[in-house]
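Since the structure comes first, as structure tokens, the remarks are kept for the end.
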Amino acid sequence: MINLILFGPPGSGKGTQAAHLVEKFGLTHISTGDLFRYELGNNTPLGQEAKKYMDKGELVPDSVTISMLENKMNMTPNPKGYILDGFPRTLAQAKALDAILQGRDTKVTHLLALDVDDEEIVKRLLERGKTSNRADDANEEVIRKRIVEYNAKTSPVFDYYDKSGVSKKIEGVGSVEEISTRLAAALV
Ligand code: B4P
């Protein structure tokens, strides 16, 4: 069973690549960013809470994010495996994920980290911001705040899983197809 954490800074192509991998490996894709945007779009209490953080480029609190993830996993009780895109983003989320998977007699098998430099990220996200209607892509200050949050709170998750030998860096600059081939090669 493959349980993949698709990792990397904001705008590194996690969502883009997840779509390719789902098709290739038949895994269940869970994107916490997409789940939050769905709640936001429906103006639910969870969406209103998440918006306060997302619009500023900050992470949504762990308690909110972990229970949302667990609920989503409970809706897919017997998957072939998961692609987790945008989760875990903190050490607390990583520990919670391990406990959830352990309760299902499984564990994280791969963490693949898309390696993309900051200036490429800013360029990609500003470009997406022209059409995405995403407040967090709309200005450079918020994008840079997201990168700061990633370096401070999310990047330690790579080292956490590296201890069990599952973390690997993947060059994240190149065509979408090239990167997809690199990721698939790391999964077989
Ligand atoms: P996410 O939705 O996870 O979004 P992301 O980091 O912006 O994007 P991703 O890496 O998926 O990039 P994409 O493929 O779209 O998070 C948004 C926010 O939600 C967070 O800031 C946070 O507030 C909140 N949140 C989510 N999960 C959370 C958690 N676990 N805990 C707390 N808060 C959480 O690619 C970006 C752009 O690059 C696209 O326009 C794409 O077309 C382009 N692109 C992709 N690959 C490319 C390539 N190879 N070359 C050129 N461009 C490329």
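Observations
- Three-way shape call for the stretch 132-175 based on the alpha-carbon gyration tensor, with the a/c threshold at 1.5: oblate
- Summed side-chain charge close to residue 25 - residues other than residue 25 whose Cβ falls under 14 Å, Lys, Arg +1, Asp, Glu -1: 0
- Taking the chain and dividing mean pair separation by its residue count, relative contact order in percent (alpha carbons under 8 Å, at least six apart): 33 percent
- Value at 222 nm in deg cm²/dmol, rounded to 500, when DSSP H runs of n ≥ 4 in the chain each add -39,500 (n - 2.57): -16500 deg cm²/dmol
- The stretch 1-121: C-alpha gyration tensor shape, a/c 1.5 cut-off, then a/b vs b/c: oblate
- Calculated FRET value between residue 131 and residue 63, using beta carbons and R₀ = 30 Å, to 0.05: 0.35
- Counted charge near residue 3, where neighbours are those whose Cβ lies closer than 12 Å (Asp, Glu -1; Lys, Arg +1): +1
- Prolate/oblate/rounded label for the stretch 29-188 (Cα gyration tensor, a/c 1.5): oblate
- In this structure, residue 119 and residue 34 have a Cβ-Cβ separation that, at R0 = 22 Å, corresponds to a calculated FRET efficiency of about 0.25.
- Among 106, 65, the order by Cβ neighbours within 10 angstrom, fewest to most, reads 106, 65.
- Pairwise FRET efficiency - residue 52 versus residue 144, Cβ, R0 = 22 Å, nearest 0.05: 0.70
- Around the Cα centre of the chain, unit charges on the Cβ atoms of Lys, Arg, Asp and Glu (plus for the first two, minus for the last two) sum to a dipole of about 340 debye.
- Dipole-positive endmost among 166, 103, 148 within the stretch 2-187 (Cβ charges, Cα centre): 103
- Extension gain for residue 188 to residue 166 (0.36 nm times residue separation, less C-alpha to C-alpha distance): 6.6 nm.
- Derived scalar couplings between HN and Hα for the stretch 20-37 equal 5, 5, 4, 4, 6, 10, x, 8, 8, 9, 10, 10, 5, x, 5, 4, 5, 5 Hz in order, rounded to whole Hz, by the Karplus curve 6.51 cos²θ - 1.76 cosθ + 1.60 (θ = phi - 60°), x for Gly and Pro.
Only the coordinates and a few stated rules stand behind these numbers; no lab work does. Owing to the predicted nature of the structure, the values given are computational and were not obtained by experimental measurement. Glycine gets a Cβ as well: all are built from the backbone with ideal geometry, and neighbour counts include every protein chain shown.
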